[in-house]
Every structure is written in structure tokens, then in C-alpha cells.
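> This is the structure I want to talk about, given as C-alpha cells.
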Amino acid sequence: MGAEHPEDFDPMTSTLDILDRLIGYDTVSARSNLGLIDYVQDYLSSRGFTLERVTDPTGEKAGLFASIGPAGSGIMLSAHTDVVPVDGQDWTRPPFALTREGDRLFGRGTTDMKGFLAAMLNAADHAAKAPLKEPLKLAISYDEEVGCLGIAHMIDRLAPGIGLPRACIVGEPTGMQVAIGHKGKQSLRVKCRGQSGHSALAPRFVNALHLGADVVIAMRTLQDWLASQGARDTAYDVPYSTVHVGRMTAGTALNIVPDQAELLMEFRHLAEDDPADLRARIEADLVRIAAAYGGAARIDVEEIAAYPGLSTDPRAAFVAELQAITGIDETAKVAFGTEAGFFDGLGIDTVVCGPGSMEGQGHKPDEYITLDQLQACDSMLARVVEGLCR
């Protein structure tokens with residue numbers, strides 16, 4: 001990053017330098033993140049952190065749990081290392097090099113969420129020099145963008161590795177507002193099997209595309225029911241659970257009746273809607289659709305990925321603590337999913353709070369974060385570290 005940092009942001013020099021380094025790693029989820037993880041591991045180990053490295057089954061990716069300070073629960077900061085692809089997007093700056101223009105810092109992941117990771121590592125440096133009375137703990141994961149696969153693989157190693165914290169901040173971009181909730185999600189692959197044949201005799205065969213169309217209609221009906229009769233939470237922009245079919249593929253040629261079709265779909269559920277019940281309703285619809293074809297059709301469903309929702313009590317002590325630190329009294333619930341539900345599921349008071357705007361910058365070309373948002377994050381994390389010294 002070539003431009004000089006303005007004097008007002010001198011305290012952020014370390015965060016900006018770290019962010020410059022992090023953006024330089026192309027950690028799109030389809031690629032390895034080991035270069036970045038090696039850098040972070042060296043950074044933390046040189047500052048005295050206890051480290052637990054968790055490698056994925058392929059050996060091509062890894063995450064870290066880290067802790068510094070005395071024995072105890074303490075507070076955890078959480079970030080993921082992977083980013084979404086840039087292919088097909090119209091970038092006017094290099095996506096994997098940090099570019100400074102005025103108060104904006106451009107690069108893939110600046111907002112989602114290497115900006116928070118950089119501030120988190122800067123806070124780790126301060127914690128290494130501070131008289132901690134409680135530990136600072138870190139969770140650094142992989143494959144969040146493809147369904148929170150990394151943390152799902154890592155989470156069982158948290159308690160035996162560095163111990164459970166009393167509270168956790170997941171630093172996804174919320175404009176530094178304290179978020180206490182988001183929906184859970186399941187991603188599903190639905191495979192429809194019919195009968196192939198010549199299109200001139202199409203009515204004699206079960207067209208797998210017709211099966212797929214029946215599935216889409218059933219999911220639209222379920223969505224209508226959820227919108228009108230399901231649980232509601234007006235803290236969300238869409239205040240009910242949602243069902244979405246995003247892709248259907250089938251067929252090889254116009255004159256062949258397709259015998260296979262595949263749909264990719266998801267449902268995102270409120271805390272009040274049991275995901276097992278929603279999954280059971282979907283599977284019951286699939287059985288009913290296949291049965292209507294008299295045994296000549298089959299529909300199978302498999303789970304691609306899933307993550308739990310987050311529903312933190314707004315009266316939790318850590319929520320009030322973080323509101324006092326940020327100076328923002330109101331809490332929010334966010335539309336996007338995070339890894340927070342995994343920590344919440346372990347009984348840890350968990351919030352989502354980080355710099356940048358997911359709606360404004362997340363997953364977009366020329367992604368950027370502003371200096372004032374990074375400064376606010378640095379300030380929040382500095383006060384978190386200070387609180388661990390009392």
C-alpha cells in the first residue's frame with residue numbers, strides 16, 4: 001500500500017500493515033489458506049500465544065485457536081480467513097493487493113472479514129504486552145463462505161485445546177453495531193430421477209424436469225405458509241423463515257426426455273422454527289411428489305452444509321458490556337449467517353460486531369472498508385483488552 005497514513009490514524013499503523021499483508025493472500029474458499037495461516041501462526045507464537053492448529057481432512061486448509069494470559073475463561077475474538085471469488089466481477093483495482101484511496105481501503109476481504117482479522121491481530125499484539133488478569137482467546141477459521149464448514153470441523157477442539165471463553169465477538173461487518181441474532185441455514189441437494197426416452201413419446205416417460213418443477217412448486221407453497229403462518233421476528237428485514245431454490249439442472253438434448261434433474265436449495269430459519277421440523281416437512285413433500293408417479297420416480301435429498309442460528313439474550317451481561325464500549329445502545333439482528341451460532345451452542349455469550357457494511361460492500365467488486373470503521377474496531381478491541389486487565 002503506497003500512500004502515507006494520515007497522522008490521525010498513526011495508532012492504526014499496525015492494523016493497516018497487517019491488513020496489507022492479509023489481503024495479499026488469495027484465500028478464495030476454493031483455494032488453500034495455508035500461507036495466511038502460517039503467517040498468523042508465526043505472528044502469534046512470537047508473541048507468546050498458546051496455539052491449537054486444526055487442519056482440514058485434505059491437508060490444504062487449517063484454522064487456529066489461540067490464547068494468551070492466565071488460566072480462565074476470558075473473551076474470544078473470532079474471524080474467518082476465506083473470501084468469496086472475484087471471477088466475473090468488474091474490479092477496477094487489484095483484488096488481492098490493498099489499495100488506498102482517500103479514506104477507503106480496497107481489496108477482496110477488506111470488509112468480509114480481513115479488516116476485523118487485522119484489528120484482531122493488532123489487539124493480540126497489545127494483549128501480549130498487557131498485564132492480563134483474564135485470557136484473550138482467538139478463533140481463526142476457514143471455509144466460512146461455503147457454509148461454515150471450517151468451524152464445524154474445528155469446534156470440538158476448542159474446549160480441550162484452549163478452553164471455552166465466557167464471551168465471544170464474531171467480527172463480521174455490522175457497522176460496529178452489536179448484533180445478537182441471525183437465522184440458521186441448511187443447504188440441500190435434491191436429486192430427481194425419472195425415465196429417459198425419445199421426446200416424440202414423451203408422455204410415456206417420467207420427465208425428471210417435471211419432478212423438479214413439482215419440487216419448486218412445493219417449496220413455494222411452503223414459503224407462502226411460513227410467511228403467513230410461521231413464526232415471526234420483526235427484528236429481521238424478512239421476519240419469517242425462508243425457503244429458496246437457487247438452481248436446477250437437467251437434460252442433455254431437446255429430443256431426449258431427461259431422467260435426472262438436480263436442484264440446489266436452502267432454508268434459513270428463525271430461532272423459533274425448529275430446523276428438524278422444516279427438514280421433515282420438505283422431505284415429506286418430496287415423498288409425496290415421487291409417489292404421485294406410481295413408483296416410476298425417485299427423489300433423494302442430501303445436506304450440503306448447515307449452521308445454527310444465533311439468538312443471544314439482549315439482557316446478557318456481555319451485550320451491555322460491549323454496548324458501553326462501542327457507545328451504540330441499540331442491538332440488531334443481521335440477515336446473513338455467521339459462525340456465531342457454533343459458539344452460542346456451547347453456552348458462550350456471543351455477539352456479532354465488526355467494521356464495515358455487509359449490505360454495502362460484502363461480496364461486491366471493488367470491496368472496500370473505511371478508515372473510520374477500522375479505527376472504531378481498533379478502539380473497541382483495545383478496550384476489550386483493557387477490560388481483561390482489571
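The values are calculated or read from the model by the stated rules, or taken from the named source; none is laboratory data. What you are looking at is a predicted structure, and each value in this text was computed from that prediction instead of being measured. A quick note on method: Cβ atoms are made from the backbone with ideal geometry, for glycine too, and the neighbour counts reach across all protein chains shown. Note: areas computed on protein heavy atoms with side chains; ligands, DNA, RNA excluded. Shrake-Rupley method; radii C 1.70, N 1.55, O 1.52, S 1.80 Å.
> How many of the residues making up region 186-205 are in contact with a strand residue (DSSP E or B) (Cβ under 6 Å, 6 or more places away or on another chain) and either modelled with pLDDT under 95 or not in a helix (DSSP H, G or I) (or both)?
Result for region 186-205: 11.
> Can you find, within region 206-226, the residue that is nearest to GLN195 (Cα to Cα) among those that are open to solvent by less than 30 Å² (accessible area, probe 1.4 Å) and part of a helix (DSSP H, G or I)?
Per the stated criteria, the residue is ALA208.
> A further question on this structure: If I filter region 29-55 down to residues being open to solvent by less than 10 Å² (accessible area, probe 1.4 Å) and in contact with a Lys or Arg (Cβ under 9 Å, 6 or more places away or on another chain), which single residue comes out as nearest to PHE106 (Cα to Cα)?
It comes out as LEU36.
> Can I ask one more? Open to solvent by 70 Å² or more (accessible area, probe 1.4 Å), touching a residue at least 12 places away in the same chain (Cβ under 8 Å) and among the polar types (S, T, N, Q): which single residue out of GLN323, GLN375 fits that description?
Within the list GLN323, GLN375, the selection yields GLN375.
> Taking the condition over 29 Å from PRO165 (Cα atoms) and acidic (Asp, Glu), does GLU386 pass?
No, not satisfied.
> Is it true that THR370 is touching a Cys at 6+ places or on another chain (Cβ under 7 Å) and of a type in the set (Ser, Thr, Tyr)?
When the stated conditions are applied, THR370 does not pass them.
> Tally up the residues in region 56-96 that are open to solvent by less than 10 Å² (accessible area, probe 1.4 Å) and either among the acidic types (Asp, Glu) or free of Cβ contacts under 8 Å to residues at least 24 places away in the same chain (or both), please.
The number of residues fulfilling the criteria is 1.
> Something else now. Quick check on region 257-266. Is at least one of its residues among the polar types (S, T, N, Q) and not in a loop (DSSP other than H, G, I, E, B)?
Checked against the condition, which is being among the polar types (S, T, N, Q) and not in a loop (DSSP other than H, G, I, E, B), region 257-266 yields at least one hit.
> Oh, and also: Based on what the data block shows, is GLY354 small (Gly, Ala, Ser), outside any helix (DSSP H, G or I), modelled with pLDDT of 95 or more and open to solvent by less than 50 Å² (accessible area, probe 1.4 Å)?
Here the answer is yes, as GLY354 does meet what is asked.
> Please indicate, with yes or no, whether at least one residue in region 119-129 is free of Cβ contacts under 8 Å to residues at least 24 places away in the same chain and more than 22 Å from SER78 (Cα to Cα).
Scanning region 119-129 turns up no residue that is free of Cβ contacts under 8 Å to residues at least 24 places away in the same chain and more than 22 Å from SER78 (Cα to Cα).
> Every residue in region 274-313 that is surrounded by 15 or more Cβ atoms within 10 Å (Cβ to Cβ) and in a loop (DSSP other than H, G, I, E, B), please.
Passing the criteria: TYR293, ALA297, PRO308, GLY309, THR312.
> I've got another one for you. Starting from residues that are over 15 Å from GLY341 (Cα atoms) and among the β-branched types (Val, Ile, Thr), keep the ones in region 141-162 and report whichever is most open to solvent (accessible area, probe 1.4 Å).
Among those that are over 15 Å from GLY341 (Cα atoms) and among the β-branched types (Val, Ile, Thr), it is VAL146.
> Please specify each residue of region 225-272 satisfying the condition of being in contact with a Gly (Cβ under 6 Å, 6 or more places away or on another chain) and more than 30 Å from ASN207 (Cα to Cα).
TYR240, SER241, HIS269, ALA271
> On the given criteria, is ARG104 open to solvent by 60 Å² or more (accessible area, probe 1.4 Å) and under 25 Å from ALA167 (Cα atoms)?
no
> Considering ARG247, ARG189, ARG193, which residue is open to solvent by 70 Å² or more (accessible area, probe 1.4 Å) and touching a residue at least 24 places away in the same chain (Cβ under 8 Å)?
ARG193
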